[in-house]
Each structure stands twice: as C-alpha cells, then as structure tokens.
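Bear in mind that the values in this text are calculations on the coordinates, not laboratory data. This structure is a prediction, so every number in the text was calculated from the model and none was measured. Note: ideal-geometry Cβ built from the backbone for every residue, glycine included; neighbour counts use all protein chains shown.
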Protein chains: 2
Amino acid sequence: MTTAAGWDHPSTSLFTDHYELTMLQAALHSGTAHRRSVFEAFARRLPDGRRYGIVAGTGRILEGIRNFTFSDEQLQFLSRTKVINQKTIDYLAGFRFTGDIYGYAEGEVYLPYSPVLIVESSFAEACVLETFVLSVLNHDSAIASAASRMTGAAGGRPCIEMGSRRTHEESAVAAARAAVIAGFGSTSNLEAGFRYGLKTVGTAAHSFTLLHDSEREAFEAQLASMGPGTTLLADTYDVETAVRTAVELAGPALGGVRLDSGDLIAQAQWVRKLLDDLGNHHTRITVTSDLDEYAIAALASAPVDAYGVGTELVTGSGAPTASMVYKLVSREDGRGVQVPVAKKAKDKVSLGGRKYALRRLDEDGTATAEILGVGHRPADDGNDRPLLQQFVKNGELFDGWTGAAGVMRGIERHAASMAEMPRTVYRLQRGEAAIPTVFEE
Amino acid sequence: MTTAAGWDHPSTSLFTDHYELTMLQAALHSGTAHRRSVFEAFARRLPDGRRYGIVAGTGRILEGIRNFTFSDEQLQFLSRTKVINQKTIDYLAGFRFTGDIYGYAEGEVYLPYSPVLIVESSFAEACVLETFVLSVLNHDSAIASAASRMTGAAGGRPCIEMGSRRTHEESAVAAARAAVIAGFGSTSNLEAGFRYGLKTVGTAAHSFTLLHDSEREAFEAQLASMGPGTTLLADTYDVETAVRTAVELAGPALGGVRLDSGDLIAQAQWVRKLLDDLGNHHTRITVTSDLDEYAIAALASAPVDAYGVGTELVTGSGAPTASMVYKLVSREDGRGVQVPVAKKAKDKVSLGGRKYALRRLDEDGTATAEILGVGHRPADDGNDRPLLQQFVKNGELFDGWTGAAGVMRGIERHAASMAEMPRTVYRLQRGEAAIPTVFEE
C-alpha cells in the first residue's frame with residue numbers, strides 16, 4: 001500500500017458548528033478560554049442490541065487536525081456574517097492545535113463508555129475541534145462496527161465493499177476505509193484506492209450487457225478486453241443461459257460469475273453444480289444484491305466464494321451513526337487546579353474526571369471486562385491490556401497512525417482485538433454487550 | 001445569499017466504482033463506447049411507508065461534473081494499479097462531459113419511477129458519471145425527504161439543522177443544504193454557510209457551562225459577549241434555577257432558552273409559564289434532544305418556538321439512502337438506431353425507453369397523479385405540469401441551478417411543489433404514495 005500523491009487534504013476548520021465559535025468568543029471574553037481542559041469522546045450505549053463496536057476514523061481525525069487552520073477567505077466569511085467578533089477572528093487567524101490527544105487505536109473493539117478519544121488542551125482548542133472529531137468518529141465507527149459483524153458472519157470468505165453509490169461521495173471513501181479496517185478485502189471505490197492504497201475491484205453492470213446487441217456480444221467484449229479471469233454478470237436475462245454462454249466463451253479459466261437478484265441461496269447451489277458439470281471447478285461465484293450480516297450468515301452453507309456488500313454497509317446496517325458524544329470531563333478552576341466536571345441531567349449520565357481504560361483478560365487471554373477508572377491506571381494491572389495510545393503530544397503527531405500505514409495498522413488491530421473477545425461477540429441476535437463495562441473506584 | 005469565495009471544488013472523477021472504468025475499457029475495445037445512450041436515475045419505491053420524496057443534490061451534481069476531469073496523479077494511479085489499460089487512460093486524460101442532462105428541479109416532489117435525472121450522451125460519458133450521480137442523489141434526496149416531513153410536522157415553526165456531528169463531515173454540509181431546500185430556516189454548519197450562503201445559528205453547549213465555576217458565571221460570560229438576545233442552555237443542572245438565573249441576569253430582553261433533555265412537552269409548558277410569570281413573554285423556547293418528525297408533531301400543542309434537529313435529520317429518519325438507481329433505458333444499435341432496453345430480472349422491474357414526466361393537476365391545481373410515458377410528451381397536456389428541466393446542453397451548464405442561487409431556487413420549488421400536493425402528503429403514518437404513478441401508453 002502506498003500513500004496518495006496528489007490528494008490535497010481539504011481545510012477542516014469550518015466542519016464546525018456555529019456555537020463552537022460563539023462559545024470560544026464568550027470564553028475569550030470571560031478569560032476561561034485558556035483553562036486546561038480534558039474532553040472525552042465516548043458512546044453511552046451501543047446501537048440497539050449490538051454486542052460491540054469498532055473504533056474507526058482516528059487516522060482521518062489526525063490527518064484533518066493538521067488542516068484545521070483558517071484561511072483569509074474563511075475568516076472574512078466569519079467576519080462578514082458576524083458569527084464572531086474581531087478578537088475571536090484574531091485568535092483563529094493563528095490557530096493551530098498544540099495539545100495532546102490519546103485514544104483507542106483504530107480497529108479496536110469499544111464498549112459503552114470506552115473513552116475512544118481524549119483531547120487535552122486549552123478549552124479553546126478542544127472546543128473548536130468538537131464537531132469535526134465527532135463527525136468522523138460517529139460515521140467511521142458506525143461503518144466499521146457494521147462491517148465487522150459482516151466479516152464475522154462471512155467467516156473466512158472475502159467481503160467486497162461496493163456501497164459508494166448509496167451514500168455521500170466523500171462518506172463513500174471513508175466507508176471503504178472503515179470497512180477494510182474491519183476486515184473487508186477490497187472496495188469498488190477508486191478514490192479510496194487513490195488516497196489510502198486500498199485494493200480496488202470490479203465486475204460489470206447490467207448496463208454493459210444492455211449496451212450490446214446481445215449478452216453474448218457483451219461477454220465477448222469484456223473477455224476480449226479484460227481476459228478470461230474477469231467476472232461476468234449473469235442475471236441480466238436468463239441466468240442459466242448466461243452461465244453456459246460465459247463458459248463457452250471463456251473456457252475453464254473463467255474467473256467468476258456474479259449473481260445480483262433472485263433467491264441467492266438456491267441459485268448459488270445450482271449455478272455451482274452447472275459450473276462443475278461444465279468443468280469450471282475454479283470459476284468463482286460472487287453474490288451481491290442488498291446483503292447484510294444476516295443474509296451473509298444465511299448464505300454460509302451455500303457455495304459462494306465472495307460477498308459484495310453495498311447499501312447495508314454504508315448505512316451501518318440500521319445504525320448509521322455511532323452516538324458518540326464529546327464531553328468536558330475535567331478543567332482547571334480559577335486557581336489552576338484540575339477539577340472533574342459532569343452534567344447532571346437525569347437521562348444522560350456522564351462521569352467526571354479523566355479516565356484510564358484497560359481490557360481485562362483471563363488466563364487464556366480472553367477479554368472479560370472493560371475496566372474504566374478516573375485518574376492514573378493502577379501500577380499492578382496483571383493481565384489487563386492498556387487501551388489508550390498517545391497520538392499527539394504538544395500538537396506533534398506520532399508516526400504510523402495516518403495514511404495507508406494507519407489503515408494497515410487498523411486492519412491488524414481489528415483482527416487482534418476480535419481474536420481476544422469471547423465467542424459471543426459473533427452472535428448476531430440482539431443482546432447485551434459482549435463484555436461488561438466496569439467502573440473502578 | 002452570496003456564493004463562497006475561496007472554496008475549491010474538489011475533483012470528483014475518482015468518486016467512481018472500479019467497474020465503471022473497466023466497462024469503459026471493454027466498450028472502447030468493442031467499439032460500443034460511443035453509442036449514444038440514455039440513462040435515467042429513479043427510485044423503484046419510496047422508503048417504507050413514506051408518502052413522497054424530495055429531490056435534492058442536482059445542483060451539487062452539476063457543480064461536480066465541471067470538476068469531473070482526471071489529473072496526472074489520478075491517471076498515474078490508474079496506470080500503476082492496472083485498473084485500466086493505456087488506451088482507456090488516454091481517453092480519460094481528455095475527458096470532459098459533452099452531453100445533455102435533464103431532470104426534476106431540486107426541491108420537487110418525486111414518486112416511484114419519477115425520472116429525477118436523465119443523462120444523454122455517449123455510453124462512455126454517461127457510464128463514468130454513474131457512481132458520483134447516485135452518491136449525491138441518494139444522500140441528498142434522503143435528507144431532503146426526511147427534512148420535508150419535519151418542516152411539514154412543524155407547521156410554521158422554524159426548524160434548525162444541527163446534525164453535523166452525527167454524520168461524515170462532508171455529508172454534514174450536504175445535509176444542511178438539503179434540509180434548507182426542504183424548509184429548514186437555518187443550520188449550525190459553518191461550512192454550509194461558507195459555501196452556499198445558508199444562515200447559520202448556534203446557542204451554547206453543556207461544556208461551556210461546565211467550564212465555568214458556576215452556571216451563573218457561564219451565563220454572565222455568554223451574555224457579556226453575545227448580548228441579551230442570545231439563547232442560554234438551561235438543563236446542565238436544574239432547569240428552574242437556570243431559567244430564573246437567566247432572567248435575573250438578562251432581563252426581559254433574554255432571547256431564548258434551550259431545553260435538551262427530559263420530558264420536553266411538560267417541561268416546555270412550565271418553562272413557558274415561568275418565563276411569562278417573570279415577565280419574559282418574548283423569550284423563546286428552543287427544544288433539541290433527538291427530535292424526529294414524530295416528536296415534532298407531538299410537540300405541536302406545546303409552547304415551543306423552534307425545533308433543533310440533529311441525528312434523525314442527517315440519518316434520513318430511518319431512511320439514510322433514497323434507493324435511486326441509474327439505468328440504461330435506450331441506446332443506439334449497430335446501425336445507429338435508438339432502441340429501448342431493460343433488464344429482465346423478475347424482482348427488479350425497469351421500463352425501457354426515454355421517459356417524459358408530468359404532474360397531473362385537477363381544476364383546483366391539486367396534484368392527482370404522476371404521469372410517465374415513453375417518447376415525447378403529448379402536445380395537448382391540459383393542466384399537466386411538465387416536470388423535466390434541462391440543466392446541461394452539449395456539456396454547457398444552464399445558469400441558476402448551482403451555488404447559492406440553486407439553493408434559493410430549490411427552496412422556492414419545494415414550497416410550491418408541496419403546496420400543490422393533496423393534504424394526505426402530510427400524513428406521517430405509513431401508507432401508500434400520496435399520488436399514484438401512472439404509465440401512459
């Protein structure tokens with residue numbers, strides 16, 4: 001995997017809610033803007049009935065923070081529309097994040113209240129990052145969490161991400177990235193290949209068959225151009241005729257056929273038998289058509305070689321956002337002393353104070369609990385695995401968390417983190433979190 | 001509304017599925033790539049139980065097509081990764097869309113099978129646009145469709161878009177744009193203000209209160225900086241105490257209070273009474289906290305002045321994608337004759353041939369049916385309102401459909417199109433489409 005040359009990271013500073021900047025203005029006015037503060041991003045709950053979530057987006061946040069600066073045009077916009085006053089504009093003109101960032105590695109399993117990202121800086125710097133940080137975490141983690149259930153249900157069979165057309169064009173790139181972190185082998189999205197070095201793949205659409213005067217001519221054209229290893233789309237007209245034509249034209253080297261409609265289980269069975277009868281034992285069957293983790297699980301006994309997943313992946317399979325929040329948990333008081341803080345609303349519990357986080361493992365290395373506590377982690381933590389990584393120190397980014405290297409690292413972390421979880425993590429039925437979250441005193 | 005200076009539209013050409021380019025390669029090889037073709041984007045169904053959908057994204061598509069060109073770095077990526085051969089790379093090096101584009105105006109109501117976008121060009125040009133066109137239409141129309149139900153449920157009360165943190169950072173900008181087209185009065189998203197001239201607004205977050213040593217100090221800071229017309233967040237600790245403190249500090253000119261938790265209906269009732277008892281008859285009550293169209297409808301009798309809507313707006317209120325497809329419906333054959341084409345799969349019906357589309361109106365100007373037919377529309381169409389606009393001719397964009405002007409036009413079209421629909425369009429209960437789709441012979 002190589003990093004993209006020629007992709008200009010966009011400015012991220014206006015991916016921000018209006019109130020972040022008016023709060024900044026008021027805090028600059030009252031003198032509290034420079035109080036050292038700790039914000040934590042976490043989810044109070046998993047999506048309805050899910051057993052776990054997967055962290056994704058951290059690398060994109062770190063890439064974006066480097067571009068969280070304000071251009072003259074952006075400052076003129078804020079001035080012209082009177083969003084903030086001149087003093088605040090002057091502050092933003094020189095803005096650069098100079099604090100520290102910790103969090104869970106991309107690909108890591110998270111649970112309710114896991115502090116997946118911790119920003120420690122002046123209130124001003126942490127406040128203005130809120131919207132961007134949450135946008136990325138909520139989207140990317142929702143996709144990775146759904147993707148992980150799909151790759152789990154697929155067992156060892158490859159999953160292909162092909163949902164770009166069902167979501168915003170930039171979400172599609174981030175979704176491909178998140179899916180690959182959570183175990184997908186490839187994507188149809190070319191921009192994701194360009195930016196992050198992901199493997200891209202593709203077959204053909206019905207329009208290609210319809211463009212030609214017959215299905216035979218379409219197959220001939222594709223085979224002549226792409227070679228016999230290509231995958232032919234078999235359901236534009238009659239599937240049996242298509243498979244016979246494909247084998248006749250491509251011979252035993254035919255790479256694959258794609259089925260995109262109908263009863264996929266029964267169809268995969270008889271198409272496999274037909275291919276074998278024709279001598280095409282190595283021709284693969286790829287199924288697409290609105291798959292989700294349940295459909296993938298239902299196809300486990302069918303002779304399918306790869307799953308192409310679209311809509312349900314990029315929409316988070318019923319949970320398009322991860323419900324993460326970003327809360328002030330500690331800040332300096334007027335005398336410079338750090339004090340834990342928390343909102344008191346009855347229906348939205350928060351725990352004040354900066355957290356540590358450990359995954360408790362039994363003697364076999366299987367996770368048994370998510371241990372959270374306030375303050376520094378205990379010196380003697382036995383088998384517990386520390387979960388917090390430091391990504392940024394005094395505004396300087398540590399190597400290896402961004403770009404194509406960050407994705408590779410996320411793939412490895414996802415595999416290792418899932419291997420450590422109890423087998424109940426793979427249950428698709430609604431239920432409790434796979435391991436409990438325990439707050440230590 | 002002014003158009004953004006200083007926003008660089010990104011290149012859109014790799015927001016494209018791998019197979020679009022391999023189909024292009026095969027079609028260039030077989031000589032069919034230059035066959036004049038007609039593709040239509042439409043939805044076979046509305047989201048489960050919805051009565052109508054709202055078209056959005058067309059302006060963004062038209063802006064994006066201008067940047068659908070391939071840079072040297074992008075072509076080198078396609079070459080290095082062997083996605084396509086040199087002949088295809090040479091074709092893309094000079095790519096510029098030169099065809100025609102028609103469709104429904106942004107803000108227009110659509111129904112099952114409405115041809116919301118029609119691309120007429122060579123197969124090559126229309127094929128490579130597929131993924132980008134669908135990404136934009138599926139996302140933006142899903143958001144606008146949900147937003148329209150919310151503004152319908154809100155009656156005349158203002159709705160504020162504040163969902164940026166719950167979706168991808170770029171989706172957030174597009175969602176704000178789509179929401180405003182569908183009747184939202186403002187957004188919290190600053191980038192949407194910058195790019196499209198949308199009105200941005202904001203209050204304050206719980207973190208701002210928690211930053212200060214007391215709620216009173218936080219309110220004092222916000223009032224000192226923003227003036228008494230600001231909206232104070234009242235539920236960080238105790239709501240009654242907060243409202244009394246706010247009125248004490250700001251006096252009768254206090255702009256508003258925001259309620260973000262608890263039983264909003266009961267709370268709005270007694271907060272209104274408390275404000276009135278304190279003499280603050282003009283202080284507004286804004287409610288937020290996971291509102292959707294049903295919660296907004298339930299608050300109709302409560303003394304609420306504005307609805308802030310987040311998560312449910314940006315996730316399409318249960319329908320995060322509009323299920324639109326982009327299908328080849330007609331193309332030249334080997335002799336240069338246009339022939340209608342359609343896939344024959346039993347579970348996915350398509351109607352071949354290029355469509356016209358009319359909204360049938362009764363003598364009162366109320367819509368009674370969506371009339372679709374193949375070929376040119378009848379000369380005598382009585383009260384029927386033609387729905388197709390031409391946006392692009394020979395690659396040249398007509399004025400008024402993009403940027404801030406396009407959004408303004410979309411706002412007007414949405415209001416006019418909704419005013420024309422039968423009142424059943426406002427029913428939130430699941431049911432049939434508000435008017436039937438009729439295929440004319």
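General observations
- Nearest-to-axis residue of chain A, judged by beta-carbon position, where the axis maps A onto B, in Å: A:Glu170, 2
- Whole-number D in µm² s⁻¹ for the protein assembly as shown, Kirkwood Cα-pair radius fed into Stokes-Einstein, 25 °C, 0.890 mPa s: 87
- Theoretical FRET efficiency, 1/(1+(r/R0)^6), r = Cβ-Cβ of B:Arg45 and B:Asn383, R0 30 Å, to 0.05: 0.65
- Rounded to whole Hz, the Karplus (6.51, -1.76, 1.60) HN-Hα couplings of the stretch B:208-218, x for glycine and proline: 5, 5, 5, 5, 8, 6, 7, 4, 4, 5, 5
- Relative compactness, the stretch A:6-90, computed as alpha-carbon Rg over 2.2 N^0.38 Å: 1.42
- Copy-to-copy label separations for A:Asp90, where each label sits 7 Å from Cα toward Cβ, in nm and ascending: 6.1
- If you sort the three axes of the alpha carbon gyration tensor as a ≥ b ≥ c, you get a/c of 1.5 or more for the stretch A:154-210 and a/b no higher than b/c, which makes it oblate.
- Label geometry 7 Å along the beta-carbon vector: B:Ser301 inter-copy distances in nm: 5.4
- In order along the stretch A:382-396, phi translates into HN-Hα couplings of x, 7, 5, 9, x, 9, 8, 9, 9, 9, 9, 10, 6, x, 9 Hz, rounded to whole numbers, per the Karplus curve 6.51 cos²θ - 1.76 cosθ + 1.60 with θ = phi - 60° and x for Gly and Pro.
- Across the identical copies, the label point of B:Ile265 (7 Å from Cα in the Cβ direction) is separated from its matches by 4.3 nm, in order from shortest.
- Computed about its Cα centre, the charge dipole of the protein assembly as shown is approximately 200 debye, with only Lys, Arg, Asp and Glu carrying charge at their Cβ.
- Remark on B:Arg354: its backbone amide H falls under 5 Å from those of B:Gly375, a criterion applied only to residues 5 or more positions apart or on other chains, H modelled at 1.01 Å from N.
- Greater than 24 Å apart at Cα, pairs in A:Lys273/B:Lys82; A:Lys327/A:Lys393; B:Lys87/B:Lys393; A:Lys199/B:Lys87: A:Lys273/B:Lys82; B:Lys87/B:Lys393
- Separation in nanometres of the label points that stand 7 Å from Cα toward Cβ, at A:Ser214 and A:Asp364: 6.0
- For chain B: relative contact order, % (alpha-carbon pairs under 8 angstrom, 6 or more apart): 24
- Remark: chain B carries a charge dipole of roughly 1380 debye about the Cα centre, counting +1 on each Lys and Arg Cβ and -1 on each Asp and Glu Cβ.
- Ellipsoid semi-axes in whole angstrom, largest first, where each is sqrt(5λ) of the Cα gyration tensor of the stretch A:62-203: 35, 19, 11
- A simple spin-label model places the labels of A:Ser71 and B:Glu412 3.0 nm from each other, with each point 7 Å out along Cα-to-Cβ.
- Per-pair calculated FRET efficiency, R0 = 35 Å: A:His9 and B:Ser79 via Cβ, rounded to 0.05: 0.90
- For the stretch B:155-318: rounded, prolate or oblate by the Cα gyration tensor [a/c cutoff 1.5]: prolate
- Nearest-20 debye value, the stretch A:192-342 charge dipole, Cβ charges on Lys, Arg, Asp, Glu: 840
- Mean Cα-pair separation over length for the stretch A:155-318, i.e. relative contact order, pairs under 8 Å, 6 or more apart, %: 25
- A simple rule links phi to the HN-Hα coupling: the Karplus curve 6.51 cos²θ - 1.76 cosθ + 1.60 with θ = phi - 60°, which for the stretch A:78-88 gives 5, 6, 4, 8, 6, 5, 9, 8, 5, 4, 6 Hz, with x for Gly and Pro.
- Remark on A:Gln389: its backbone amide H falls under 5 Å from those of A:Gly103, A:Tyr104, A:Ala105, a criterion applied only to residues 5 or more positions apart or on other chains, H modelled at 1.01 Å from N.
- Amide H contacts under 5 Å for A:Gly99, placed H, 5+ residues apart: A:Gly395
- Calculated on C-alpha atoms, the gyration radius of the stretch A:175-239 divided by its Kirkwood radius gives an Rg/Rh of 1.09.
- B:Asp333-A:Tyr237 pseudo-label distance in nm [points 7 Å out on the Cα-to-Cβ vector]: 1.3
- For chain B, the Cα-based Rg and Dmax, in that order, read 24.9, 83 Å.
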